[in-house]
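Take a look at the structure set out below.
The values are calculated or read from the model by the stated rules, or taken from the named source; none is laboratory data. All figures in this text were calculated on a predicted structure; none of them were measured in a lab. Don't worry about glycine lacking a Cβ; one is built from the backbone with ideal geometry, like all the others, and counts go over all protein chains shown.
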Amino acid sequence: MSSVTLSDVGLTYPDGTVGLSGIDLAIADGEFVALVGPSGSGKTTLLRAIAGFLRPTSGSIHLGDSLVADASTLVAPEKRELGMVFQQHAVWPHWSVERNIAYPLRLAGVPKVERRARVDEVMALVGLEGFEKRNPTTLSGGQRQRVALARAIVGRPRVLLLDEALSALDEPLRDKLRLELQTLTRSIGLTVVHVTHDRDEALALADRVVVLDAGRIQQVGTPPELVSSPVSPSVATFLSDATIFTGRLLADVFSAAGHECRVDAALLEGGGSDGDGSIAVLPEDVTLTPGAGAVVMSSLYGRGGNDVVVDWKGIAVRCRVSGRRPLVGESVDVRIARAMFYPSRLPAAADAHDRAAAGRLQG
Ligand code: ADP
Ligand code: MG
């Protein structure tokens with residue numbers, strides 16, 4: 001087990017595409033970290049840089065105390081003692097399950113008796129007992145992914161790297177494997193870096209979540225921190241389906257193209273300064289009341305509340321509505337219980353975390 005430390009890591013591909021820039025991230029020994037972000041945000045690039053398949057063009061990477069990559073050092077992937085699982089389970093179809101899983105041990109020259117014992121142990125851990133002699137082509141997708149996982153952990157890696165490892169699986173199998181992945185990695189205290197485009201999966205599994213966009217870290221935090229205090233409108237939208245209004249805050253009133261809301265200044269954190277900016281409104285902070293100010297555009301049933309979008313004077317507002325499910329086409333009024341204000345011009349010294357000034361709005 002090992003910590004992972006990235007210091008000011010940048011990675012530009014040979015064709016000039018910027019994969020990563022200014023990545024500072026310290027993952028603690030035994031921590032489960034999820035990397036999320038839209039497609040193309042740099043998740044795979046970051047994982048492959050940790051794995052050693054890509055060399056950072058600036059900065060450094062440490063595993064535990066050992067430097068594995070910087071301008072003059074590049075430790076080969078097989079010397080980094082990592083386990084990896086990808087979306088496309090790269091198991092060898094012509095080898096038995098047990099031979100697939102034992103492969104890293106044979107590569108490392110582990111004697112046969114110990115190999116047997118370790119393979120049996122991980123097969124039990126991932127719930128594959130009895131499948132030793134099976135050919136991977138006769139397994140289900142979920143079982144093959146368990147083979148890949150077993151092979152990734154059999155060598156007792158310092159860090160387990162997962163790139164969309166569950167994304168190709170259908171529900172409810174994906175749900176089941178999420179639970180198993182957590183049980184398994186927590187029970188042996190593995191350090192895990194789990195890349196996924198699925199924000200719910202990231203929030204559900206991780207101790208801390210890293211939100212990437214355009215090769216940069218937007219925010220790092222625990223799931224409740226990210227959900228309740230997103231540092232920017234884009235993080236609020238990406239993680240929580242927040243609706244963004246762009247406009248101006250002036251003497252407690254936020255106005256955005258015909259939308260006026262009174263802001264209770266006493267509840268603005270961080271000295272919510274007047275001026276241009278945006279507010280982010282989370283779906284659960286919107287309530288719909290009888291009225292004629294907005295029209296229901298869609299209304300999807302959800303266990304935790306109906307997922308409703310209303311057209312409020314030209315802005316599509318996401319709402320989570322418990323109780324009666326509104327009908328498409330129904331007229332309603334929108335009330336906003338809480339919003340976060342993000343001034344568009346920041347004082348030079350402001351830290352990113354000061355950008356979010358939570359305020360209370362009354363529609
Ligand atoms: P993600 O995994 O978040 O979808 P990637 O890390 O794969 O994103 O890609 C990040 C960026 O780097 C994207 O703009 C992508 O097009 C680019 N990229 C990825 N691989 C290469 C490559 N081999 N050459 C040039 N650009 C690449
Ligand atoms: Mg990727």
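The set of residues from region 14-52 being within 15 Å of ligand 2 (Cβ to nearest atom), more than 18 Å from GLN219 (Cα to Cα) and touching a helix residue (DSSP H, G or I) at 6+ places or on another chain (Cβ under 6 Å) comprises just one member, ALA51.
Taking the options ASP276, ASP307, name whichever one is acidic (Asp, Glu), modelled with pLDDT of 95 or more and not assigned by TED's automatic domain parsing to the domain that holds ARG208. Explain how you work it out, then say what you get.
Numbers: ASP276 fails: modelled with pLDDT of 95 or more.
So the residue among ASP276, ASP307 that is acidic (Asp, Glu), modelled with pLDDT of 95 or more and not assigned by TED's automatic domain parsing to the domain that holds ARG208 is ASP307.
Here GLU201 qualifies as within 16 Å of ligand 2 (Cβ to nearest atom), at negative phi and surrounded by fewer than 23 Cβ atoms within 10 Å (Cβ to Cβ). For region 311-321, filtered to residues that are crowded, with 19+ Cβ neighbours inside 10 Å and out of contact with any Pro (no Cβ under 8 Å at 6 or more places or on another chain), the residue that is modelled with the lowest pLDDT is TRP312. Among residues of region 209-229 being out of contact with any helix residue (DSSP H, G or I) (no Cβ under 8 Å at 6 or more places or on another chain) and not in a loop (DSSP other than H, G, I, E, B), the one that is surrounded by the most Cβ atoms within 10 Å (Cβ to Cβ) is VAL210. The sole residue among GLY52, GLY42 that is over 26 Å from ALA108 (Cα atoms) and within 16 Å of ligand 1 (Cβ to nearest atom) is GLY42. In this structure, is LEU203 touching a residue at least 24 places away in the same chain (Cβ under 8 Å) and under 23 Å from GLU121 (Cβ atoms)? When the stated conditions are applied, LEU203 does not pass them.
Taken residue by residue, region 171-184 has at least one member that is surrounded by 22 or more Cβ atoms within 10 Å (Cβ to Cβ) and more than 16 Å from ligand 2 (Cβ to nearest atom). For beta carbons closer than 8 Å, sequence separation of 6+ or different chains, a first residue in region 35-51 that is within 12 Å of LEU82 (Cα to Cα) and a second that is within 9 Å of ligand 2 (Cβ to nearest atom), the qualifying pairs are LEU47/ASP163; LEU47/VAL195.
Among the residues making up region 53-71, a single one is aliphatic (A, V, I, L, M) and within 16 Å of ligand 2 (Cβ to nearest atom): LEU54. Across region 2-27, the qualifying residues are those that are within 13 Å of THR191 (Cβ to Cβ) and surrounded by 15 or more Cβ atoms within 10 Å (Cβ to Cβ), and the one among them that is modelled with the lowest pLDDT is SER2. Figure legend. Inter-residue proximity from region 140-164: first residues over 15 Å from TRP92 (Cα atoms), second residues away from ligand 1 (no atom under 16 Å from the Cβ) and at pLDDT below 90, beta-carbon distance below 7 Å, spacing 6+ or different chains. Indicated pairs: GLY142/LEU169; GLY142/LEU173; GLY142/LEU177; GLY155/ALA108; ARG158/MET1. Evaluate region 187-200: report whether one residue or more is more than 16 Å from ligand 1 (Cβ to nearest atom), under 15 Å from the mean Cα position of the chain (by Cα) and assigned to a helix (DSSP H, G or I). Yes, the conditions are met somewhere in region 187-200. Every condition in (1) in contact (Cβ under 8 Å) with a residue 24 or more places away in the chain; (2) surrounded by fewer than 18 Cβ atoms within 10 Å (Cβ to Cβ); (3) of a type in the set (S, T, N, Q); (4) under 15 Å from PRO283 (Cβ atoms) holds for THR243 except the one numbered (2). Counting the residues of region 125-143 that are outside any loop (DSSP other than H, G, I, E, B), farther than 18 Å from PRO172 by Cα and polar (S, T, N, Q) gives 2.
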